[in-house]
Amino acid sequence: MRLLSVAAMVCALASGCAERGDSAQPDAPTAARPSASAMLDAAIAGDHRTAEEKARDAWRHPKETLAFFGVEPDMTVVEIWPGGGWYTKILAPYLASGGGVYIAAQRDPASSARAAEAVQKFKDAYADTALYGDIRISVLGKDADIAPEGTVDVVLTFRNVHNWISAGEAEDNFKAFYRALKPGGVLGVVEHRADEDAPDDIATGYVKTSTVKALAEGAGFAFVEASEINANPADTKDHPFGVWTLPPVRRSSQSPGQEDPAFDRAKYDAIGESDRMTLKFVKPQS
């Protein structure tokens, strides 16, 4: 069964949904609006998400993570570089069910044919407005704003910071997040976590928590708190092909896309997905 309407599934999940009958009085009070928790449960449980996507919930903890960041269904939320849309499939229906706005801040499609193809593929995949609402597309780049200044409640980024550091774009990007947020707005960061005493080696894909905090605070953010929601103590962080040795990428050679059939994945598959920091920052009120 396809998720035809998040509201319909919410009604099934929420205990407060009232049954309609012929005897209902015209002036009877309407059922209470389902809770944000029920709306989020509906989006996570929807049949629009594949079994493979749902299997990753055990590592990515979407309900707990979004609750930690304080994402409500009537908010304006920007997700940075959503990729194929693992979180889009949760966030967009959730926000659509509550009257919120989902904005996908993409790579600049004018920067390369590959970027343009990826943005178009994303648009095509999430064109169903009945399910995902009216998704807005913006650009993360020096000459573009991810949203009009001071209009966003929450900016979210999942496992992207290492890419920006590698490209020398991290400081500018964090400043862009700051501009877009309302005073009191939240920046939520999930990133592969390096040990604080480890050598700095961005090629591994792991980043120190202190590095992310410095980037955010340098842009003007105040650190609120950290959560261990997405921690994985089994991750030794010393893998032959960096974090990409682990699921879901499961790289087996130094060259992306080229597999080594002799590579033994068992040890790395047993670890699961990476150890991750989950950090909440706020744009000060003044």
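Points to keep in mind about this one:
- Reported count of residues in the range 100-119, each being under 18 Å from residue 143 (Cβ atoms) and more than 17 Å from the chain's Cα centre (by Cα), is 7.
- When 108, 41, 74, 27 are checked against the criterion of being among the acidic types (Asp, Glu), outside any helix (DSSP H, G or I) and at pLDDT 95 or above, a single residue qualifies: 74.
- Filter result for residue 265 (surrounded by 11 or more Cβ atoms within 10 Å (Cβ to Cβ), more than 18 Å from residue 60 (Cα to Cα) and either out of contact with any helix residue (DSSP H, G or I) (no Cβ under 6 Å at 6 or more places or on another chain) or free of Cβ contacts under 8 Å to residues at least 60 places away in the same chain (or both)): yes
- Residues that are in a loop (DSSP other than H, G, I, E, B) and in contact with a Ser or Thr (Cβ under 8 Å, 6 or more places away or on another chain) were ranked within the range 77-96; the one that is surrounded by the most Cβ atoms within 10 Å (Cβ to Cβ) is 82.
- Screening the candidates 141, 150, 99 for the property of being in contact (Cβ under 8 Å) with a residue 12 or more places away in the chain, out of contact with any Leu (no Cβ under 6 Å at 6 or more places or on another chain) and surrounded by 14 or more Cβ atoms within 10 Å (Cβ to Cβ) yields one hit, 141.
- Selected residue (criterion: nearest to residue 164 (Cα to Cα)) from residues of the range 188-224 that are over 18 Å from the mean Cα position of the chain (by Cα) and assigned to a strand (DSSP E or B): 208
- Hits in the range 149-178 (condition: under 20 Å from residue 109 (Cβ atoms) and either touching a His at 6+ places or on another chain (Cβ under 7 Å) or not in a helix (DSSP H, G or I) (or both)): 157, 160, 169
The values are calculated or read from the model by the stated rules, or taken from the named source; none is laboratory data. Keep in mind it's a predicted model, so treat the numbers as computed, not measured. FYI the Cβ positions are ideal-geometry reconstructions off the backbone, even for glycines, and counts take in every protein chain you see.
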